[in-house]
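All remarks here apply to the structure that follows.
The values are calculated or read from the model by the stated rules, or taken from the named source; none is laboratory data. Since the model is a prediction, treat every value here as computed from it, not as a measurement. Glycine gets a Cβ as well: all are built from the backbone with ideal geometry, and neighbour counts include every protein chain shown. The protein model used for the area step is the full one, side chains on, heavy atoms only, and it has no ligands, DNA or RNA in it. Shrake-Rupley method; radii C 1.70, N 1.55, O 1.52, S 1.80 Å.
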Amino acid sequence: QVQLVESGGGLVQAGGSLRLSCAASGRTFSMYTMGWFRQAPGKEREFVAYVHWSSGSGYSADSVKGRFTISRDNAKNTVYLQMNSLKPEDTAVYYCSAARYSGSYYSESGYEYWGQGTQVTVSS
């Protein structure tokens with residue numbers, strides 16, 4: 001069982017930056033691929049980024065590529081999402097997720113565990 005707790009959300013002006021953190025419980029954090037998804041009001045949850053458990057490589061959605069960076073610190077059981085050049089359309093609840101078994105990391109179905117979410121609001 002893995003518990004995920006997100007933090008770092010808030011209100012920021014367009015063009016600003018935020019760093020989201022997701023702290024995970026458990027001793028096998030390094031064996032999980034970690035992802036970030038977001039859900040805007042009235043929209044479905046969508047993939048943002050993931051970082052692979054083995055290679056440590058990060059992959060992101062085209063909508064955030066070049067602006068958002070995912071990273072992980074296995075010693076701290078934490079995954080981060082650095083968000084720069086924020087836009088009003090980035091406003092959403094951001095969710096952290098964990099996948100122990102290989103699957104489609106771009107899809108919600110590929111993840112077994114989810115955090116409660118943190119609100120990010122970008123004002124114009």
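What's the number of the condition residue 102 fails, among (1) at pLDDT below 95; (2) among the polar types (S, T, N, Q); (3) surrounded by 13 or more Cβ atoms within 10 Å (Cβ to Cβ)?
(3)
Has segment 54-67 got any residue that is acidic (Asp, Glu) and under 11 Å from the mean Cα position of the chain (by Cα)?
No: segment 54-67 contains no residue that is acidic (Asp, Glu) and under 11 Å from the mean Cα position of the chain (by Cα).
Taking segment 51-83 on its own, how many of its residues are in a loop (DSSP other than H, G, I, E, B) and open to solvent by less than 60 Å² (accessible area, probe 1.4 Å)?
Residues that pass the stated criteria total 7.
State whether the residues of segment 7-30 include one that is basic (Lys, Arg) and more than 30 Å from residue 88 (Cβ to Cβ).
First, the residues of segment 7-30 that are basic (Lys, Arg): 19, 27.
Narrowing further to those that are more than 30 Å from residue 88 (Cβ to Cβ): 27.
Scanning segment 7-30, I find at least one residue that is basic (Lys, Arg) and more than 30 Å from residue 88 (Cβ to Cβ), so the answer is yes.
If I ask for residues that are hydrophobic (A, V, I, L, M, F, W, C) and modelled with pLDDT of 95 or more, which ones from segment 32-66 would you list?
34, 36, 37, 40, 47, 48, 49, 51, 61, 64
Look through segment 1-50, keep the residues that are small (Gly, Ala, Ser) and part of a strand (DSSP E or B), and return whichever of them is surrounded by the most Cβ atoms within 10 Å (Cβ to Cβ).
Taking segment 1-50 first, the residues small (Gly, Ala, Ser) are 7-10, 14-17, 21, 23-26, 30, 35, 40, 42, 49.
This time we only want the ones that are part of a strand (DSSP E or B), so: 7, 10, 21, 23-24, 35, 49.
On the way: 7: 14, 10: 13, 21: 17, 23: 16, 24: 22, 35: 27, 49: 25.
Among those residues, the one meeting the criterion is 35.
Look through segment 108-122, keep the residues that are in contact (Cβ under 8 Å) with a residue 12 or more places away in the chain and exposed (fewer than 13 other Cβ atoms within 10 Å of the Cβ), and return whichever of them is farthest from residue 27 (Cα to Cα).
Filtering first and then ranking leaves 119.
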